[in-house]
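Engineer: Take a look at this one; I'll ask things after.
The values are calculated or read from the model by the stated rules, or taken from the named source; none is laboratory data. Source: prediction; values computed, not measured. Glycine gets a Cβ as well: all are built from the backbone with ideal geometry, and neighbour counts include every protein chain shown. In case anyone asks, the SASA skips ligands and DNA or RNA and just uses the protein heavy atoms, side chains included. Shrake-Rupley method; radii C 1.70, N 1.55, O 1.52, S 1.80 Å.
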Amino acid sequence: MRESGILLPVSSLPGKYGIGCFSKEAYHFVDQLVKSEQRYWQILPLGPTSYGDSPYQSFSTFAGNPYFISLEDLIEEGVLTREECDAVDFGDEEGSVDYSKIYEGRFPLLRKAYERSNIAENPEFVRFQEENAWWLDDYSLFMAVKARMDQVSWDQWPEDIRKRWGYSLDYYRRELYFEIEFYKYLQFKFDEQWRKLKAYANDNGIRIIGDIPIYVAFDSADTWANPQLFQLDEENIPVAVAGCPPDGFAADGQLWGNPLYRWDYHRQTGYDWWMKRLAHCFQMYDVVRIDHFRGFDEYFSIPYGDKTAHNGHWEKGPGMDFFYTMRERLGWKEVIAEDLGYVTDSVRQLVRDSGFPGMKVLEFAFDSRDTGSASDYLPHNYPTNSVVYTGTHDNETLTGWFGGILKEEQEMLRKYLHDFHTPADKIYWEVIYLVMGSVARMCIIPMQDYLGLDNKSRMNQPSTLGTNWKWRLKKGQLDDALLDEILEVTSIYGRKAWHPQNKKENQKNIKNQQEIG
């Protein structure tokens, strides 16, 4: 079955109060996906963001971002008033998130909602705490202590709580009881609202593609509560950290700074923590995209404290042993393997052995600097079991990319398209038609590319700070005319989804299929 979808982060949804969330605009976007006969809504990680506002650096791999809690839903519940929410300055840019104002404005409102909620007497909240205690207790304590410590990283906390001595844990649990309950309340509301939105999407035939980073942040509840899982010394300081080696795109490589896993320990435990993490993800999403999939084959280890990746080296990951365990514990699950970047034969073999579709990014196919693997990204070389993107959240928009590549690369693309007349600012549509027509089973287009936006609307530029993760869809920007164009290209290349609402059309399609058969 050929399918397609749209990549749009939750934070990029339109709506009031400064950032996209689980509000009526999210439900409206699901309706738009249905109208354009899409099958998938791909989002970015939903975790609470830390320094830099990146969804790939989260305070917890299990928790949800409180920013995504719909304030309008809380108004309807009666725990906030519209006047209180309207009085807060969330920023003036309709198409951009102002994270400093979001941080300063949302948490006081959420605290008011908590204080008025009488949540401790809610039986659903009690059940939520019991069912999620295995991660929620550590996360809520971590966040409460972090607030008490003026938000400094946990490696700078006093030794007793940094090393989780028993008496210290007991002390802070008593001392910060209501602060801990506040963070549990936020997770309860996040879970309640997300489950409702996901159910609406699923009931209307839309499947959610979630996204998880292979690594967790050092300054996270995951690392603080489970130091034995990571390559840390006796003081719980990293021995080595994650990144990528120097290449033609980054002379110093990439220094991500995430703690590396002790894969020998994980293997001894049957990858128990990882299996819980994945099981949690498959409760939240229908399909899971695993970022930096090649790290399961080999991972790049950089000495802690280094300023560049020059002194790093490759180490072996768990390989197929991990995925055999996953299949045994969780059954067959739908995964997208993010296998981009420098890909070795052993990485390709791991993707094939796993059975998961890998990723293809059209922009990579016309990079004259990358003569080794560029051809892997040309549509005529795609395997059917793959997911093709025009670009990802880390790439330039199609319009920005085409305007910035070399003239010879532009000519390469035009020759491939056999198109020498389409204006440069409209070429993005030709590229969308190209990838939709490929043999890749699934095709995902970022919203910015359907809109033909330039790099001012880029979601992320790796290794930079201050300008990323901010873009938002403006109200009315995705209009009926564009939805009709999306439906047309989806129909032409046989990627239309059959949704429950479109019963008459579905019956017609089924009849046609039967006649053909």
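Engineer: Leaving ligands and nucleic acids out of the surface, order Trp332, Trp157, Trp498 by accessible area at 1.4 Å, largest first.
Structural biologist: Heavy-atom accessible area, descending, gives Trp332, Trp498, Trp157.
Engineer: Shifting gears a bit: So how far, in whole Å, is the C-alpha centre of the range 246-274 from the one of the range 127-180?
Structural biologist: Answer, in whole Å: 26.
Engineer: Reachable aspartates and glutamates from Lys189, Cα under 14 Å, same-chain residues fewer than 8 places away excluded?
Structural biologist: Within reach: Glu72, Asp73, Glu76, Glu77, Glu115, Glu124, Glu181.
Engineer: Quote to one decimal, in nm, the extra length available between Glu131 and Asp479 on full extension: 0.36 nm per residue of separation minus the C-alpha distance between them.
Structural biologist: 121.1 nm
Engineer: Still on this structure: Write down the Kirkwood hydrodynamic radius of the range 272-424, to one decimal in angstroms, obtained as one divided by the mean of 1/r over all alpha carbon pairs.
Structural biologist: 17.8
Engineer: Treat every Asp and Glu Cβ in the chain as -1 and every Lys and Arg Cβ as +1, leave all other atoms uncharged, and give the resulting dipole magnitude about the Cα centre to the nearest 20 debye.
Structural biologist: Dipole of the chain, to the nearest 20 debye: 1200 debye.
Engineer: At a probe size of 1.4 Å, how large is the accessible area of Arg39, to the nearest 10 Å²?
Structural biologist: Result for Arg39: roughly 70 Å² accessible.
Engineer: Still on this structure: If each DSSP helix of 4+ residues adds -39,500 (n - 2.57) and the sum is divided by the residues in the chain, what number results at 222 nm, nearest 500 deg cm²/dmol?
Structural biologist: So the helix-based figure for the chain works out to -12500 deg cm²/dmol.
Engineer: Okay, moving on. Under a crude label model (7 Å from the Cα following the beta-carbon direction), how far is Asn385 from Ala120 in nanometres?
Structural biologist: With each label placed 7 Å out from Cα toward Cβ, I get 5.4 nm.
Engineer: Using a 7 Å offset from the Cα along the Cα-to-Cβ direction at both Lys24 and Tyr265, what is the distance between the two label points in nm, to one decimal?
Structural biologist: The two pseudo-label positions are separated by 5.0 nm.
Engineer: Given an 8 Å cut-off on Cα distances and at least 6 residues of separation, report the relative contact order of the range 1-129 as a percent.
Structural biologist: Computed value for the range 1-129: 22 percent relative contact order.
Engineer: Classify the range 347-481: rounded, prolate or oblate, from the alpha-carbon gyration tensor (a ≥ b ≥ c, eigenvalue square roots; a/c under 1.5 rounded; otherwise prolate if a/b is larger than b/c)?
Structural biologist: Here the range 347-481 falls in the rounded category.
Engineer: Then there's this: Size of the dipole of the range 48-143 about the Cα centre, Lys and Arg at +1 and Asp and Glu at -1 on the beta carbon, nothing else charged, in debye to 20?
Structural biologist: Computed charge dipole of the range 48-143: roughly 300 debye.
Engineer: Quick check: with the 1.4 Å probe, what order do His393, His380 take by accessible area, largest first?
Structural biologist: His380, His393
Engineer: Now a separate question. May I ask you to give the solvent-accessible area per residue for the chain, in square angstrom, as obtained with a 1.4 angstrom probe?
Structural biologist: 44
Engineer: Specify the longest stretch of the chain that does not include any exposed loop site, a site being one of the GluC sites (Glu not before Pro) with a non-H, G, I, E, B DSSP assignment and at most 10 other Cβ atoms within 10 Å.
Structural biologist: Between the exposed loop sites, the longest stretch runs 236-517.
Engineer: If you compute Cα extents along the principal axes in Å for the structure shown, which of (i) 71, 55, 46; (ii) 108, 60, 55; (iii) 79, 65, 49 do you land on?
Structural biologist: Checked against the structure: label (i).
Engineer: Note down, for the range 112-179, the three equivalent ellipsoid semi-axes (square root of 5 times each alpha carbon gyration tensor eigenvalue), biggest first, whole angstrom.
Structural biologist: 24, 14, 10
Engineer: At a 1.4 Å probe radius, carbon and sulfur cover how many percent of the accessible area of the range 395-474?
Structural biologist: Roughly 51 percent of what the probe reaches on the range 395-474 is carbon or sulfur.
Engineer: List the aspartates and glutamates whose Cα sits under 12 Å from the Cα of Lys426, skipping any in the same chain fewer than 8 residues away.
Structural biologist: List returned: Asp449, Asp454.
Engineer: Could you compute how much accessible surface Arg414 exposes when probed at 1.4 Å, giving the result in Å² to the nearest 10?
Structural biologist: Surface accessible to solvent at Arg414 totals approximately 40 Å².
Engineer: For Lys475, which lysines qualify as cross-link partners when the Cα separation must be under 18 Å and same-chain residues fewer than eight apart are set aside?
Structural biologist: Lys16, Lys24, Lys35, Lys456
Engineer: Provide Lys196, Lys360, Lys333 ordered by accessible surface of protein heavy atoms (probe 1.4 Å), highest first.
Structural biologist: The ordering from most to least exposed comes out as Lys196, Lys333, Lys360.
Engineer: On the accessible surface of the range 164-219, probed at 1.4 Å, how many percent belong to carbon and sulfur atoms?
Structural biologist: 53
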